[in-house]
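Down below is the structure, laid out as structure tokens.
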Amino acid sequence: MKRRHFLKSMTALGSTTLLATQSHGDIRYLGPPARTMGTRSIHEQLEKTLYGQMQTHALTPLQDLHGIITPSELHFERHHSGIPDISPEQHHLYIHGLVNKPLKLSLQDLKRFPSVSRTCFIECAGNCQDYFKKGPQTPLQQIAGMTSQSEWTGVKLATLLRETGLRKNAKWLLAEGGDAALVTRSIPVDKAMDDAIIAYAQNGEAIRPEQGYPLRLLLPGWEGSSCVKWIRRLEVGDQPWMTREETAKYTDPLKDGTIRQFSFIMDTRSVITTPTFPSQLEKGWHEIRGLAWSGRGKIKRVEVSTDGGGHWQPARLQEPVLSMAHTRFNIPWQWNGKETLLLSRATDENGYVQPTASELIHARGIGSLRYHNNGIMGWRVKSDGSVLYEIVA
Amino acid sequence: MPAKLFRTVRQTSGLFILMNALLCPAQTLAQNERQAHEHPESFGLGTSPSNSELAAMDTAIRPDGKGLPDGQGSAKEGQSIYESKCQQCHGPKGEGGINDKLVGTLPEGDFPFAEKGAPKKTIGNYWPYATTLFDYIRRTMPYTLPGSLTNDETYSLTAYLLYLNKLIPQDKVLNAQSLPEITMPAQHRFKNDNRTQTDKIL
């Protein structure tokens, strides 16, 4: 491919170049000067995939990325009423309700508090909702592209709640976004006091508009919809508000006839990122690569099977292995040209082993897998070298 | 945290420690470090929001009715509002539109949502609280112009959708008192996530 590009550009430059090359050997041409803003190489065509009736989703191309950080502009999107255009001077965070001292904080105020940074994933509870619907020719992005990872910077919510004080009966917070939908979620005070962050930066710069500019609630390890974007208000109360996003949506109907509510934590998952559709393999050595993460802590182990689950081999976990964070795994593999099925299975530091989708169906019922489907994913390698998505259930 | 920082300083700067051992006891250094990284009682940042500022934003409704405004409405008024502002997305009478199906009921005791080919979740068969309907409609609808509905219109639309779901009669007037009194069919099914076994969480 590169060679072809090279030859093409040589041809385009014409005979002058050829003459010059003949006479001086290796003439090089001055490149453009420094620019105020860098751009991706024109040879790289990375894009999110748009999804949803009202175009309310955009999915991260996990299969094309390396390491553990998602470039900010490729972080998946999920919003309910579009991306608001918020002026940072006009935006404030209000904290009120069962507090001793209500507060109105500007962006400048928030930046003066002690800052913290944390690298962690945000994953939509509905990631892999199409696990059973997609055909073989589906890129990983279209099934599992609603997870992304950034380094988030901001102020610990506990620092702010220490300023306002909490009344004795404070049990829940209502987090409200400043988008057209004014999205609301009820958040337990324990999480707010533990590791929640009011983030103003993502990967070293201000949060992207579609990710919540200028402020986002970050709840490490918890479902994306609870990490309320464009956050403008936190009301402290003694009970949950039972908003639409925690009753009609983001709840899990179970086989026993109950509905599991406030299932915030994202369970342990791994995905092979390469080889996946539309990879085309040749016989010989390859590296199987992927990502694994758990909303309950660090990844302890990832195993890969190259024979459809007959044997499992431990993959190498690439540093850093962070709590509640995408962790890169890889393992060398020599493909012998025969058809096979590739699988990956993650275990977290609590000993939780990523289940198969059939185990999940057995425990909960298939209808519950609209959200929180962390079942093992499969990639079928055909003898012609093509790689196809396969439902493992 | 301050103690940990102190250790790091001690490990990385022998000279620093030596000087401090001569000039002041190590404990004083630890105290200084601690003081430097501990929060003051208050950072004194931010301002006190006014009551009117908070009241303007604080529109959330709880299941017990806290937050419900004055005003009222019934399905009779709601129908015409629905037809002009909601029907194009949600279909006539709450179904058959391009967006969420709003109307649908199940026989008592029937709850097939964990099964294959489950019906669509609707207000009538899934939503646990009628108050959520008021909150969500006023907060987020109509999709292209949220915030444009009056409280009376919101009560009326809430009533119309509950009426279509066979939960209230057509002439039932909803207001801050009567709305929280409605018990939704699926309410008793909602349970907090109580999974505690961390090694086997399904």
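For residues in the stretch B:177-201 being in contact with a Pro (Cβ under 8 Å, 6 or more places away or on another chain) and either more than 29 Å from A:ASP267 (Cβ to Cβ) or in a loop (DSSP other than H, G, I, E, B) (or both), which is farthest from the other protein chains (Cβ to nearest Cβ)? Checking each candidate, the answer is B:PRO180. Of all residues in the stretch B:152-174, which are among the polar types (S, T, N, Q) and buried (at least 18 other Cβ atoms within 10 Å of the Cβ)? Listed by number, the residues that qualify are B:THR154, B:SER156, B:THR158, B:ASN165. Name every residue in the stretch B:86-101 that is touching a residue at least 60 places away in the same chain (Cβ under 8 Å) and either closer than 13 Å to B:THR144 by Cβ or not assigned by TED's automatic domain parsing to the domain that holds B:PRO119 (or both), in order of residue number. Hit for the stretch B:86-101 is B:CYS86, nothing else.
Checked against the criteria, A:LEU254 does not count as buried (at least 23 other Cβ atoms within 10 Å of the Cβ) and of a type in the set (A, V, I, L, M). Only residues that are part of a helix (DSSP H, G or I) and either at positive phi or not small (Gly, Ala, Ser) (or both) were counted in the stretch B:150-176, giving 12. Screening A:ILE331 against (1) more than 30 Å from B:TYR126 (Cα to Cα); (2) in contact with a Ser or Thr (Cβ under 8 Å, 6 or more places away or on another chain) leaves a single unmet condition, (2). Is it the case, given these coordinates, that A:ARG208 is modelled with pLDDT of 95 or more and either closer than 26 Å to B:ILE137 by Cα or hydrophobic (A, V, I, L, M, F, W, C) (or both)? Judged against the criteria, A:ARG208 is not a match.
The set of residues from the stretch A:337-364 being at the interface with chain B (Cβ under 7 Å from one of its Cβ atoms), surrounded by fewer than 21 Cβ atoms within 10 Å (Cβ to Cβ) and part of a loop (DSSP other than H, G, I, E, B) comprises A:ASN350, A:GLY351. For the stretch B:39-97, residues that are within 8 Å of chain A (Cβ to nearest Cβ), surrounded by 14 or more Cβ atoms within 10 Å (Cβ to Cβ) and outside any loop (DSSP other than H, G, I, E, B) total 3.
May I ask you to list the residues in the stretch A:89-148 that are in a helix (DSSP H, G or I) and either buried (at least 21 other Cβ atoms within 10 Å of the Cβ) or basic (Lys, Arg) (or both)? Within the stretch A:89-148, A:LEU110, A:LYS111, A:ARG112, A:LEU140, A:GLN141, A:ILE143, A:ALA144 qualify. When A:TRP293, A:TRP285, A:TRP333 are checked against the criterion of being assigned to a strand (DSSP E or B) and more than 27 Å from A:GLN149 (Cα to Cα), a single residue qualifies: A:TRP285. Of the listed requirements (1) on the phi > 0 side of the Ramachandran plot; (2) at the interface with chain A (Cβ under 10 Å from one of its Cβ atoms), B:TRP127 misses just one: (1). Take B:ASP100 and tell me if it is of a type outside the set (A, V, I, L, M, F, W, C), within 21 Å of B:ARG189 (Cα to Cα), within 9 Å of chain A (Cβ to nearest Cβ) and surrounded by fewer than 23 Cβ atoms within 10 Å (Cβ to Cβ). No, not satisfied. Number of residues in the stretch A:55-88 that are away from chain B (no Cβ under 11 Å) and either modelled with pLDDT under 95 or in a loop (DSSP other than H, G, I, E, B) (or both) equals 19. Summed over the stretch A:327-371, residues that are basic (Lys, Arg) and free of Cβ contacts under 8 Å to residues at least 60 places away in the same chain total 1. Scanning the stretch B:130-149 for residues that are assigned to a loop (DSSP other than H, G, I, E, B) and at the interface with chain A (Cβ under 10 Å from one of its Cβ atoms) returns B:MET141, B:TYR143, B:THR144, B:LEU145, B:PRO146, B:GLY147. Among strands (runs of 3 or more DSSP E) entirely within the stretch A:155-246, having at least 3 residues that are surrounded by 21 or more Cβ atoms within 10 Å (Cβ to Cβ) and within 13 Å of chain B (Cβ to nearest Cβ) singles out A:172-177, A:184-188, A:231-237. Only residues that are in contact with a strand residue (DSSP E or B) (Cβ under 6 Å, 6 or more places away or on another chain) and either surrounded by fewer than 23 Cβ atoms within 10 Å (Cβ to Cβ) or not assigned by TED's automatic domain parsing to the domain that holds B:PRO180 (or both) were counted across the stretch B:113-151, and they come to 2.
The values are calculated or read from the model by the stated rules, or taken from the named source; none is laboratory data. Here the structure is a predicted model, which is why all the values come from computation and not from measurement. Cβ atoms come from the backbone with ideal geometry, glycine included; neighbour counts cover every protein chain shown.
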